[in-house]
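Report on the following structure.
The values are calculated or read from the model by the stated rules, or taken from the named source; none is laboratory data. If you're wondering where the values come from, they're calculated on a predicted model, not measured in any experiment. Neighbour counts are summed over all protein chains in view; Cβ atoms, including those assigned to glycine, are modelled from backbone coordinates with ideal geometry. Accessible surface areas use protein heavy atoms only, side chains included; no ligands, DNA or RNA. Shrake-Rupley method; radii C 1.70, N 1.55, O 1.52, S 1.80 Å.
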Amino acid sequence: MEKTLDFKPKILSAFRHYDKKTFTADLMAGVIVGIVALPLAIAFGIASGVSPEKGIITAIVAGLMISLFGGSKVQIGGPTGAFIVIVYGIIQQYGMQGLTVATLMAGVFLILLGVLRLGTIIKYIPYPIVVGFTSGIAVTIFTTQVKDLFGLTMDVVPSDFVEKWVAYASHFGTIDPWSALVGVGSVALIAVWPLLARRFHLSPLRALPGSLVAIVLMTVVALLLKQYAGVSTIETIGDRFSISSELPGAVVPELSWQTFKRLVGPAVTIAVLGAIESLLSATVADGVIGDHHNSNTELIGQGIANLASPIFGGIPATGAIARTMTNINNGGRTPVAGIIHAAVLLLIFLFLMPLAQYIPMACLAGVLVVVAYGMSGWRSFLAMVRRNPKSDVTVLLLTFFLTIIFDLTVAIEFGLVCACLLFMRRMAETTEVHAVMNEIDLNEDADMQAGNLEHLTIPEGVEVYEINGPYFFGAGTRFEDIMARYGSHPKVRIIRMRKVPFIDSTGMHNLENMCRMSQKEGVTVVLSGVNEKVEAVLKRNSFQQLLGDENICRHIDLALARAKEILSTK
């Protein structure tokens, strides 16, 4: 009997053959991933519209929960760039309290997806939609960082994408050269750091992420410029936020039915995006380490993480592909590495967090510009535009532009609707209905009985039509169109259904209407080659009473023999 709950955290099986060597590898990987996650957690927190410590708290709490309860051995969880646009929009519209409730609701939805064994269904979201909204998020992230990257003097930055760029253009004369130097320099340093480490054989430093190197160096540069050159125009985190290194207590927000109703849309968006990104990250990791994650357990683990994170003041979290790959590349092979990564972030938070106030905002903007570039997937985007069918390109572009012009919720909803409609059209196009003239080609037939080949000539007064493909609502009227084009007034009408894998209620309705109209015209309808699945549907709809059992035949030769019998009686 199949179990109703598919919840098997990978950490339970990780200790079966755990040894000192594995722990050493997990320890090294966990420390490195914790260091890599630090600048990203701060940057994602600020870009999402919350204080920097909330980004780190999310990485600590959610990262720990995902490693403890997730379905992947190497998944590293925390705040990601994909959530920046969503979180920022929710805070602007509903406030921090609304974000907390929406994240809790998303956690419940994710758990339900896992409990109901819907982990595999998430994988069926069309690839053009994933590429479209990911590229759209990347463009949006870059757009939100232009002000800080160049140090523009602006009182209010519009929320609308087009208005934002219009405002940037009108204020570009207020650019601060020192902030721009720090921002652009950070982007350049992150880009060339791996090359520099290899070129100068800096083996011990190769593991350090370029983002952390950029933050440390640019913070030092900003402090030196302020101390010795009198440059005070470079805005830092401390100028915008008050930094706290105290762990927040658990707080459950006030919940009401009205709040639930208002936040269902944002919560569903968080849950869907979190599910897509976490399962995509786990799938990529499987291909590298040769393992198989449990998608339902992973969704439950993600749900638990998104229940715990907002209670401690965090924001939505999911599996992070970049940090997961960093974990794998540095030897991490069990969830212990993810737990150590959370512990490292906790130690940094408790003892080094006050130093974050000196980090220039332009440097963080540079970090996020590089993140946006990595998310954009512009090569995949252009390849899809050039090589894929127009329908896929339509879904891609629709999702992309809706993401940047409106928001991700609208983009995913319209993208899915458009993809479904195009899929229906494609399915309808695969169903062919044609009239068979004079005789049946024996080489193409599989529903005939050997030894009865002489019966495969179509007698006069008999029409044969063939349905090739699923007979569903997308193709329901096609049969009627063919009959209107070729049909005359036969005595028997044979409908070959040997290549009909299934029939839905609309197909049944059209088939029944055709049979009743034929009977009114004095035409007997004979069905041929009906498979067991379709025949079961016919029985449930009382087709035996409508046509008679003798007029539902297994083979075309039997159907033709039945037609001759009918002709002889008429």
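Listed values, structure above:
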{"item": "Label-zone membership for the stretch 317-341, site Leu27, 7 angstrom Cα→C-beta point, backbone N under 17 Å", "result": "330-341"}
{"item": "Solvent accessible area, Å² - His509, 1.4 Å probe, full protein context", "result": "100 Å²"}
{"item": "Computed lengthening from Phe260 to Leu5, 0.36 nm per intervening residue step minus Cα-Cα distance", "result": "89.2 nm"}
{"item": "³J(HN,Hα), Karplus 6.51/-1.76/1.60, whole Hz, each residue of the stretch 358-375, x for Gly, Pro", "result": "8, 6, x, 5, 5, 5, 4, 4, x, 4, 6, 5, 5, 4, 4, 4, x, 6"}
{"item": "Burial ranking of peptide ranges 542-553, 353-364 (average Cβ count within 10 Å, highest at the top)", "result": "353-364, 542-553"}
{"item": "Derived scalar couplings ³J(HN,Hα) [the stretch 156-173; Karplus, 6.51 cos²θ - 1.76 cosθ + 1.60; whole Hz; x for Gly, Pro]", "result": "10, 9, x, 7, 6, 4, 5, 4, 4, 5, 5, 5, 4, 4, 6, 10, 5, x"}
{"item": "Cα point-scatterer Debye curve for the stretch 252-298, base-10 log of I(q)/I(0) at q = 0.28, 0.32 Å⁻¹", "result": "-0.97, -1.08"}
{"item": "Ranked by how many other beta carbons lie within 10 Å on average, peptides 322-333, 246-257 from highest", "result": "322-333, 246-257"}
{"item": "Exposure of Arg498 as accessible area (Å², to 10), given a probe of 1.4 Å and all protein chains", "result": "50 Å²"}
{"item": "Computed accessible area, Asp286, all protein chains, 1.4 angstrom probe, square angstrom", "result": "20 Å²"}
{"item": "Span from the the stretch 361-386 Cα centroid across to the the stretch 113-148 one, whole angstrom", "result": "14 Å"}
{"item": "Lysines with Cα under 29 Å of Lys520, excluding same-chain neighbours fewer than 8 positions away", "result": "Lys491, Lys499, Lys533, Lys539, Lys564, Lys570"}
{"item": "Charge dipole magnitude, Cβ of K and R +1, D and E -1 - the stretch 264-392, Cα centre, debye nearest 20", "result": "380 debye"}
{"item": "Nearest-ten-degree value, helix 505-520 long axis tilted from longest Cα axis of the chain", "result": "20 degrees"}
{"item": "Of Val130, Pro177, Ser568, farthest towards positive along the dipole that unit charges on Lys, Arg, Asp, Glu beta carbons give the chain", "result": "Pro177"}
{"item": "Residue-by-residue Karplus 3J(HN,Hα) for the stretch 94-106, coefficients 6.51, -1.76, 1.60, Hz, glycine and proline x", "result": "10, x, 5, 4, x, 4, 4, 5, 4, 5, 4, 4, 4"}
{"item": "Between 0 and 90°, nearest 10: helix 257-289 axis offset from the chain longest Cα axis", "result": "90 degrees"}
{"item": "Helix 335-352 vs. the chain, principal-axis angle (Cα, 0 to 90°, nearest 10)", "result": "30 degrees"}
{"item": "Amide H contacts under 5 Å for Thr318, placed H, 5+ residues apart", "result": "Gly78, Thr80"}
{"item": "Sequence of Tyr124, Tyr18, Tyr471 from largest to smallest accessible area, 1.4 Å probe", "result": "Tyr124, Tyr18, Tyr471"}
{"item": "Cα-based convex hull volume of the stretch 159-293 per residue, rounded to whole Å³", "result": "267 Å³"}
{"item": "Reciprocal of mean inverse Cα separation for the stretch 13-87 (Kirkwood radius, Å)", "result": "13.4 Å"}
{"item": "Translational diffusion of the chain, µm² s⁻¹ [Kirkwood Rh, Cα pairs; Stokes-Einstein; 20 °C; 1.002 mPa s]", "result": "78 µm²/s"}
{"item": "Amide H partners (placed H, <5 Å) of Val436, local residues excluded", "result": "Val464, Tyr465, Glu466"}
{"item": "Fraction of beta bridges assigned by DSSP in the chain that are antiparallel (%, nearest 5)", "result": "40 percent"}
{"item": "Net charge dipole size for the stretch 18-141 [Lys, Arg +1 and Asp, Glu -1 on Cβ; Debye, nearest 20]", "result": "260 debye"}
{"item": "Translational D in µm²/s for the stretch 7-165 (Stokes-Einstein at 10 °C, 1.306 mPa s, Kirkwood Rh from C-alpha pairs)", "result": "87 µm²/s"}
{"item": "Simple label model, 7 Å out from Cα along Cβ direction - Arg379 to Glu565, nm", "result": "6.6 nm"}
{"item": "Protein-only accessible surface order, largest first, of Lys54, Lys164 at 1.4 Å", "result": "Lys54, Lys164"}
{"item": "Cα lying deepest toward the dipole's positive end in the chain, options Phe472, Leu5, Ile60, charges on Cβ", "result": "Ile60"}
{"item": "The chain, accessible surface, carbon-and-sulfur percent (1.4 angstrom probe)", "result": "62 percent"}
{"item": "Residue order for Ile237, Ile348 - accessible surface, 1.4 angstrom probe, largest first", "result": "Ile348, Ile237"}
{"item": "The stretch 512-570, dipole about Cα centre (Lys/Arg Cβ +1, Asp/Glu Cβ -1), debye to the nearest 20", "result": "100 debye"}
{"item": "Positive-pole candidate from Ala337, Val370, Thr409, dipole of the chain, charges at beta carbon", "result": "Ala337"}
